[in-house]
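Right, I'll just put the structure down here and ask away after.
The values are calculated or read from the model by the stated rules, or taken from the named source; none is laboratory data. Computed from a predicted structure; not experimentally measured. Here Cβ is always computed from backbone atoms with ideal geometry, including for glycine, and neighbour counts include all displayed protein chains. Keep in mind that these areas ignore ligands, DNA and RNA; they rest on the heavy atoms of the full protein, side chains included. Shrake-Rupley method; radii C 1.70, N 1.55, O 1.52, S 1.80 Å.
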Amino acid sequence: MALPFRNEVHFLPDLGEWGQYEDFISDCRSAFAIQSATGNSFWLAHDKKPRCGLEALAAAVYKRHRKTLYRYQDEVGSVPAEDKSNAPAPGTIEGTEWWVQIRGDTTSDKGDAIGFHWDRDEELADVAPTAGRRVINPTVATVTYLTSTGAPTVVVNQEVLPMPTTARPTEAFARQGCISHPAMGKHIAFDGRFLHGVPPELMLAGNTGSKGTGDRSRSKKRKHSAKGGSSGLRVTFLVNVWSGHQLRCADAYPDSDVSKLKVSVKSVRELVARGKEQKRARIASEKAASKDGQRKLFDRSIVCGQGQVCGFAFGRPDDEAHELWLPMPTCKMHPGETIAVTFSPPGARTVRQPPAEGVAGGGGAKRKGKKKRKGKK
């Protein structure tokens, strides 16, 4: 059972007019610099009070999805019958992993792309297969857009593929996904087990970021470039909700750096509170305007055929080399919209190559490649 998708257009309302918007972007830059230096994301336990605006936003996202989280866990039978509350029991390991992504910066070499990947506990994923490697995903993954610039987030309903046990690759096909174009203040949430990334190939004309190459990609019909042309920034605030697992690759934001941040907890809480008020009115209006009295989660739905398929390589080359063959939309897309996608048969194809020869558990072809640094990419 997949966790329900969530889409809130104005989670952070009137963000561009917020008096502390530039200060908040500055705080995001500070967090981005720290996580780039350490290779780790940040952690805020469910019972810890936020110390700054960044942690206040992470806490607000956790609170927003807590009911959904527990309702989902109840449906799949992972919540004990005696614990039906919306609050974690004492001693429960639960909290938020948060970090910032900045793309389109002309002073950075990161380019515009965020390669396809699964969010997971990177420390456990780096353990050798013979030493008990495990893949543990967050329960809920979220993206909050702080700017309206850059490439969309693409989510494919594909879970982690098992490691091949022979020289033949493992493959799977996904029939569903979504495309979320950036819009300032917009927030999306999806099942933390799903494959996702930010491919510049789907960036709208005039919404480009900086120079950069991102992950390499291949197409059956034409080559795609990840280069862009403008200086606009794509800034996103990412929060994963974890339940029942102590994440090893995230640390509390350094105490010595909290005092350097500009935006307070109170200011972010007030901003989120305004969003809640607007949300209630907007949902009521959307339900009244719809034919069936239901609120739409997507702006529209499309079908992506197999005529134009773009290939994306991702993962560690030595023992986690993957390829995603993604059917591409041919319709016109618009800024800020969220699109539900159905991939025509056989679907979006994900391939996991056998481990390279000499790697524990592997006997495939020899491959060379530098191991990726720990942390969020």
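Looking only at residues that are among the polar types (S, T, N, Q) and part of a strand (DSSP E or B) in the range 219-248, which one is modelled with the lowest pLDDT? Give the derivation first.
Taking the range 219-248 and keeping what is among the polar types (S, T, N, Q), we get 219, 225, 230-231, 236, 240, 243, 246.
Then drop every residue that is not part of a strand (DSSP E or B), which leaves 219, 236, 240, 243.
Working: S219: 35, T236: 97, N240: 96, S243: 87.
Ranking the qualifying residues of the range 219-248, first place goes to S219.
Now a separate question. Being touching a residue at least 60 places away in the same chain (Cβ under 8 Å), in contact with a helix residue (DSSP H, G or I) (Cβ under 9 Å, 6 or more places away or on another chain) and either of a type outside the set (V, I, T) or surrounded by fewer than 13 Cβ atoms within 10 Å (Cβ to Cβ) (or both), is that true of even one residue in the range 289-305?
Within the range 289-305, not a single residue is touching a residue at least 60 places away in the same chain (Cβ under 8 Å), in contact with a helix residue (DSSP H, G or I) (Cβ under 9 Å, 6 or more places away or on another chain) and either of a type outside the set (V, I, T) or surrounded by fewer than 13 Cβ atoms within 10 Å (Cβ to Cβ) (or both).
Against the conditions (1) more than 20 Å from the chain's Cα centre (by Cα); (2) at pLDDT below 80, where does L69 fall short? Just the number, please.
The failed condition is (1).
In the range 37-64, what count of residues is obtained for those that are more than 25 Å from R6 (Cα to Cα), part of a helix (DSSP H, G or I) and touching an Asp or Glu at 6+ places or on another chain (Cβ under 8 Å)? Please lay out each step first, then the result.
Pass one, the range 37-64, residues more than 25 Å from R6 (Cα to Cα): 37-40, 48-49, 51-52.
Now drop any that are not part of a helix (DSSP H, G or I), which leaves 37-38.
Subset that is touching an Asp or Glu at 6+ places or on another chain (Cβ under 8 Å): 38.
Total meeting the criteria: 1.
Just give me the residues in the range 256-265 being surrounded by fewer than 16 Cβ atoms within 10 Å (Cβ to Cβ) and touching a residue at least 12 places away in the same chain (Cβ under 8 Å), in sequence order. Steps first, answer last, please.
Filtering the range 256-265 down to residues surrounded by fewer than 16 Cβ atoms within 10 Å (Cβ to Cβ) leaves 256-260, 262.
Matches in the range 256-265: D257, V258, K260, K262.
Then there is this: I need the full set of residues from the range 146-161 which are touching a strand residue (DSSP E or B) at 6+ places or on another chain (Cβ under 6 Å) and not small (G, A, S), in order please.
Pass one, the range 146-161, residues touching a strand residue (DSSP E or B) at 6+ places or on another chain (Cβ under 6 Å): 146-147, 149-158, 161.
Selection gives L146, T147, T149, P152, T153, V154, V155, V156, N157, Q158, L161.
Could you check the range 144-175 and list, in sequence order, the residues that are open to solvent by less than 10 Å² (accessible area, probe 1.4 Å) and under 17 Å from F298 (Cα atoms)?
Step one: of the range 144-175, the residues open to solvent by less than 10 Å² (accessible area, probe 1.4 Å) are 144-146, 150-156, 161, 164, 174.
Listed by number, the residues that qualify are T144, Y145, P152, T153, V154, V155, V156.
Filter the range 13-41 for residues that are over 19 Å from the mean Cα position of the chain (by Cα), over 17 Å from T236 (Cβ atoms) and in contact (Cβ under 8 Å) with a residue 60 or more places away in the chain; which is surrounded by the most Cβ atoms within 10 Å (Cβ to Cβ)?
The qualifying residue surrounded by the most Cβ atoms within 10 Å (Cβ to Cβ) is P13.
Only one of V79, V61 is farther than 13 Å from Y253 by Cβ, open to solvent by less than 60 Å² (accessible area, probe 1.4 Å), at pLDDT below 55 and of a type outside the set (S, T, N, Q); which?
Details: V61 fails: at pLDDT below 55.
Testing whether each residue is farther than 13 Å from Y253 by Cβ, open to solvent by less than 60 Å² (accessible area, probe 1.4 Å), at pLDDT below 55 and of a type outside the set (S, T, N, Q) leaves just V79.
Moving to a separate point now. If I34 satisfies all but one of (1) modelled with pLDDT of 95 or more; (2) under 28 Å from A281 (Cβ atoms); (3) touching an Asp or Glu at 6+ places or on another chain (Cβ under 7 Å), what's the number of the condition it fails?
Against the list (1) modelled with pLDDT of 95 or more; (2) under 28 Å from A281 (Cβ atoms); (3) touching an Asp or Glu at 6+ places or on another chain (Cβ under 7 Å), I34 comes up short only on (2).
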